[in-house]
Amino acid sequence: NLHVGETTAEKIKIQIGAATEDLDSPPDEMLVQGRDLLSGKPKQVQVSYREIAKALDKSILRIEDAVMETLSKTPPELAADIYNTGIYLAGGGSMLRGLDKRLSRKTDLPVYVTEDPLRAVVRGTGIALK
């Protein structure tokens, strides 16, 4: 019951954010400051990656559903390529701890995070435009 701002939420996501509670090397807990929603007073609490994974679960479920729907509509030739090479994640969201493993469990396919995921989308777009 702690209200935090966008900057703090982003720091939490980067430092201890996780898509699953089943991590090989979990991050340490983090002290977070915000406003207590019940009392309205400033408050500091210790937050774990498990709490963040639980909080993100509904959003991750929507991502899983979107991936499964996309795979179900994929043309057979492309589906064969995906089966042989796996799924590659790019962009900032791909850096969420455990997202690759969670999507792999859902799809029964190998899932990888691209090298330098923050710039991968821009590089790919540049290549496609040439």
> Restricting the search to the stretch 115-130, which residues are open to solvent by less than 70 Å² (accessible area, probe 1.4 Å), in a helix (DSSP H, G or I) and either modelled with pLDDT of 90 or more or among the hydrophobic types (A, V, I, L, M, F, W, C) (or both)?
Replying inline: Pro117, Ala120
> Filter the stretch 77-92 for residues that are without any contact (Cβ under 8 Å) to a residue 12 or more places away in the chain and closer than 17 Å to Ala66 by Cβ; which is surrounded by the most Cβ atoms within 10 Å (Cβ to Cβ)?
Replying inline: Ala79
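Yes/no matrix, rows are residues, columns are (1) among the hydrophobic types (A, V, I, L, M, F, W, C); (2) touching a residue at least 24 places away in the same chain (Cβ under 8 Å):
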{"residue": "His3", "(1), (2)": "no, yes"}
{"residue": "Thr8", "(1), (2)": "no, yes"}
{"residue": "Lys13", "(1), (2)": "no, yes"}
{"residue": "Ile16", "(1), (2)": "yes, yes"}
{"residue": "Ser39", "(1), (2)": "no, no"}
{"residue": "Val45", "(1), (2)": "yes, yes"}
>> When the residues of the stretch 15-36 are narrowed to those that are surrounded by fewer than 15 Cβ atoms within 10 Å (Cβ to Cβ) and modelled with pLDDT under 95, which ends up nearest to Ala55 (Cα to Cα)?
In response: Asp22
>> Ile52 - would you say it is open to solvent by less than 50 Å² (accessible area, probe 1.4 Å) and among the β-branched types (Val, Ile, Thr)?
In response: yes
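The values are calculated or read from the model by the stated rules, or taken from the named source; none is laboratory data. Source: prediction; values computed, not measured. We place every Cβ from the backbone using ideal geometry, glycine too, and count neighbours over all the protein chains shown. SASA here: full protein model, heavy atoms, side chains in, ligands and nucleic acids out. Shrake-Rupley method; radii C 1.70, N 1.55, O 1.52, S 1.80 Å.
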